[in-house]
Amino acid sequence: MNNETILIVDDEKEIADLLEVYLKNEGYIIRKFYDPVQALDSVLAEPVSLAVLDVMMPGMDGFTLCRRIREKYLFPVIMLTAKGEDMDKIQGLTLGADDYITKPFNPLEVVARVKTQLRRYKQYNAGVNGTPEPEAYDHNGLYICQDSHKCTLNGETLALTPFEFDILWYLCKNHGRVISAEELFETVWGEKFLESNNNTVMAHIARLREKMHEPARKPRYIKTVWGVGYTIE
């Protein structure tokens, strides 16, 4: 049994209970809530390894809960949405969610997504292991180091999620070259690109620009080449 703790928040008791059973079978410690306000209080008291949040909940919806979590924590967040609408997915990703799953779903898919996100997060936080010369990129006040997974902009540390870091790193590594959304998605997410995945990339780019205090119309760092992709010159 591992010591990774999964937060499940869904006001539909049957769904929350079902996820609890499947994730417990994988050895995870489960903290389950039907009330999002109680869930937030629990996270603030003791952070978890990963959160699975339903979007549509009374009192505080999943988007608000995700935003409140992201004010302090960077652990992975997976959103559950019943609508399957692109705008819901984009909103969740823009607020800092790492992944989304549309209801109805196969519980085994949720387990697989949880494992993927935790694996990525652990790799992201592995830190330096005695590498003599860490590979880094330093340009116009933007500094990003692959080995330490540190990123600063004009001396200010950027709190990036693993996906955000990997996107920025790949763009920096290929600075001067325009990277298509397809190439970026397949490299960072490691999955086959579908047309709908373009929204996922766009949402993460928007989130990165927000954290970098980039003006929407004339960004200094991550630039959009319309119809082609993204580049850091």
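The values are calculated or read from the model by the stated rules, or taken from the named source; none is laboratory data. Quick caveat: nothing in here was measured; it's all calculated off a predicted structure. Note that each Cβ is placed from the backbone with ideal geometry, even for glycine, and that neighbours are counted across all protein chains shown. When the accessible area is computed, the model is the full protein with side chains, heavy atoms only, and any ligands, DNA or RNA have been set aside. Shrake-Rupley method; radii C 1.70, N 1.55, O 1.52, S 1.80 Å.
Which residues, counting only those in region 64-74, are of a type outside the set (Lys, Arg) and modelled with pLDDT of 90 or more?
Step one: filter region 64-74 for residues of a type outside the set (Lys, Arg), giving 64-66, 69, 71, 73-74.
Thr64, Leu65, Cys66, Ile69, listed by residue number.
Within region 142-167, the set of residues being open to solvent by 50 Å² or more (accessible area, probe 1.4 Å) and either without any contact (Cβ under 8 Å) to a residue 40 or more places away in the chain or farther than 29 Å from Tyr100 by Cβ (or both) comprises Tyr143, Gln146, Lys150, Asn154, Gly155, Glu156, Thr157. When His139 is tested against the conditions (1) at pLDDT 85 or above; (2) touching a Cys at 6+ places or on another chain (Cβ under 8 Å); (3) open to solvent by 30 Å² or more (accessible area, probe 1.4 Å), the lone failure is (1).
The residues of region 14-72 that are polar (S, T, N, Q) and in contact with a helix residue (DSSP H, G or I) (Cβ under 9 Å, 6 or more places away or on another chain), listed by number, are Asn25, Ser49, Thr64. Could you go through region 95-108 and let me know if any residue there is modelled with pLDDT under 90, open to solvent by less than 20 Å² (accessible area, probe 1.4 Å) and touching a Phe, Trp or Tyr at 6+ places or on another chain (Cβ under 7 Å). Yes: region 95-108 contains one or more residues that are modelled with pLDDT under 90, open to solvent by less than 20 Å² (accessible area, probe 1.4 Å) and touching a Phe, Trp or Tyr at 6+ places or on another chain (Cβ under 7 Å). Taken over region 159-174, the criterion of being assigned to a loop (DSSP other than H, G, I, E, B) and farther than 20 Å from Gly92 by Cα is satisfied by Asn174 alone.
Inside region 43-73, residues that are small (Gly, Ala, Ser), surrounded by fewer than 17 Cβ atoms within 10 Å (Cβ to Cβ) and closer than 17 Å to Ile6 by Cβ make up a count of 1.
If you go through region 175-200 and pick out every residue that is touching a residue at least 24 places away in the same chain (Cβ under 8 Å), among the hydrophobic types (A, V, I, L, M, F, W, C) and assigned to a helix (DSSP H, G or I), you end up with 3. Scan region 180-208 residue by residue and report those that are among the basic types (Lys, Arg) and open to solvent by less than 40 Å² (accessible area, probe 1.4 Å). The answer is Arg207, and nothing else.
For region 201-229, which positions are assigned to a loop (DSSP other than H, G, I, E, B) and acidic (Asp, Glu)?
Just the residues of region 201-229 that are assigned to a loop (DSSP other than H, G, I, E, B), to begin with: 212-221, 226-228.
Glu214, the sole residue that qualifies.
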